[in-house]
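To start, the structure itself, in structure tokens.
The values are calculated or read from the model by the stated rules, or taken from the named source; none is laboratory data. As the structure is a prediction and not an experimental result, all values here were calculated from the model. Glycine gets a Cβ as well: all are built from the backbone with ideal geometry, and neighbour counts include every protein chain shown. What goes into the accessible areas is simple: the full protein's heavy atoms, side chains included, and nothing from ligands, DNA or RNA. Shrake-Rupley method; radii C 1.70, N 1.55, O 1.52, S 1.80 Å.
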Amino acid sequence: MKRRSYAGSDYRKALNIHDLERIAQRRLPNFVFEYLQGGADDERTLARNRNVFADYLFEPRTLTRVGPRDLTSTLLGKQYAMPLAIGPTGYNGMLTADGDIKLAKAARDAGIPFVLSNVSTTSLEDIAAIEGLTAWMQIYFYRDRDYVRKLVERCRTADYEAIVVTTDSAIYGNREWDVRNFRKPMQPTLRNLLHLLTRPRWMADVLIPDGMPTFKNLGDLLPPDKQGVQGASAIIGQQLDPTLNWDDIAWLRDLWPHKLIVKGILSPAEAEQAAAIGADAVVLSNHGGRQLDHACSPFEVLPEARQRVGNRCQLFIDSGFRRGTDVVKALALGADAVWLGRTTLYGLAAGGQEGAAHALGILQGEIDRTIGLLGVDRITDLEASMLRRAVRC
Ligand SMILES: Cc1cc2nc3c(=O)[nH]c(=O)nc-3n(C[C@H](O)[C@H](O)[C@H](O)COP(=O)(O)O)c2cc1C
């Protein structure tokens, strides 16, 4: 559907997440925007993640005496302002200086959790020091299990509430734009370098003060001469461990007695197994279409996954959520919360911490309006009977 969108570059005028996406594109160098935006192979899954929400339509109740809406939600035993979390995304410092810190503060101010990526450009200790923030830490499994053990130890010392283990990236997805945009790892092509000249604001924010940001949680994994981004990327690729399996999750469960979240599950049977092994939550996710192309969308497996895990663990979901209506559909089908990937990154790239806060404000308003129009005033009153499967015409 063609529609008019905001053509300027002031994030405060963005009416929706699509507006923020366009502003982000105008502000970022091409190779950075494509890093943020792209998917694997032919990007079928990336596209499906957006289209799949059309499979369900709302069946609103109109005479239910709707009162002021209450979006508060309980996630892992604690109450938050709304059923959202900012999910883990690596290399946020390339979108704007101190990207992780700005995102974390936007999450804190909105009253929702923030998940720090293992490949972040801020140390986990610096994020833990942000007052009033609920921080959860995402980890990958590397061949060097001693590094994983030390990372878990750092999370314990820094008082992290939860560890998120990502299971869908033990083999790196095929992102062809990453190959096309660079001559060598982290060395943009001439065309991309020329495009950089059209982005002076980004250069003044990111490149000129400190150069390309570096990974701040991988020190123990990288040899001293490979601490730069270029060396680190190669090591990460070699270190990701394709033998990752349930024994590793059980090992982590024993090592980490606090909340454990398993992210990257698409099979309802695996969601059930994660609950059986003692995971506190599962994130149904296809990594935003960046890993296995032609993978299904987590939204498609949500009802069955909920049926299989019952109330044994919480179910979170991500991949493709850009509108409050998307979020409300997932909640009605049994998700406890939606994690945001690109949605808050667009805000961050468009306007820093305030831009990310603006993205969260847009979603909050949309969720509030959607549940009201559906005829309920609390998140917990949403149910599957408020949705109908769309008949294709
Ligand atoms: C730029 C970018 C970087 C990401 N980095 C990580 C990461 O370091 N760890 C991880 O578990 N997931 C990572 N993801 C996946 C997100 O956590 C999330 O699953 C995905 O973005 C959800 O899809 P959406 O962006 O369409 O909402 C990344 C996603 C993007 C877009």
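All conditions in (1) in contact with a helix residue (DSSP H, G or I) (Cβ under 9 Å, 6 or more places away or on another chain); (2) more than 16 Å from the ligand (Cβ to nearest atom); (3) under 22 Å from G347 (Cα atoms) hold for P60, with the sole exception of (3). Note on region 1-34: residues that are open to solvent by 30 Å² or more (accessible area, probe 1.4 Å) and of a type in the set (A, V, I, L, M, F, W, C) total 3.
Restricting to region 97-121, give me the number of residues that are open to solvent by less than 10 Å² (accessible area, probe 1.4 Å), of a type in the set (V, I, T) and either more than 14 Å from the ligand (Cβ to nearest atom) or assigned to a loop (DSSP other than H, G, I, E, B) (or both).
Total meeting the criteria: 1.
Residues that are more than 9 Å from I112 (Cα to Cα), in contact with a Phe, Trp or Tyr (Cβ under 7 Å, 6 or more places away or on another chain) and within 16 Å of the ligand (Cβ to nearest atom) within region 68-89 comprise just one, G87. Screening L240 against (1) among the hydrophobic types (A, V, I, L, M, F, W, C); (2) modelled with pLDDT under 95; (3) crowded, with 18+ Cβ neighbours inside 10 Å leaves a single unmet condition, (3). Number of residues in region 148-197 that are assigned to a strand (DSSP E or B) and either crowded, with 16+ Cβ neighbours inside 10 Å or within 16 Å of the ligand (Cβ to nearest atom) (or both) equals 7. Among the candidates T370, T343, the residue that is within 28 Å of K13 (Cα to Cα) and over 20 Å from the mean Cα position of the chain (by Cα) is uniquely T370.
Filtering region 122-147 to residues that are under 14 Å from D248 (Cβ atoms) and either within 21 Å of the chain's Cα centre (by Cα) or surrounded by fewer than 16 Cβ atoms within 10 Å (Cβ to Cβ) (or both) leaves I139, Y140, F141, Y142, R143, D144, R145, D146.
Taking region 211-250 as the range and being of a type in the set (D, E, K, R) and either without any contact (Cβ under 8 Å) to a residue 24 or more places away in the chain or in a loop (DSSP other than H, G, I, E, B) (or both) as the test, the residues that pass are K216, D220, D225, K226, D241, D247.
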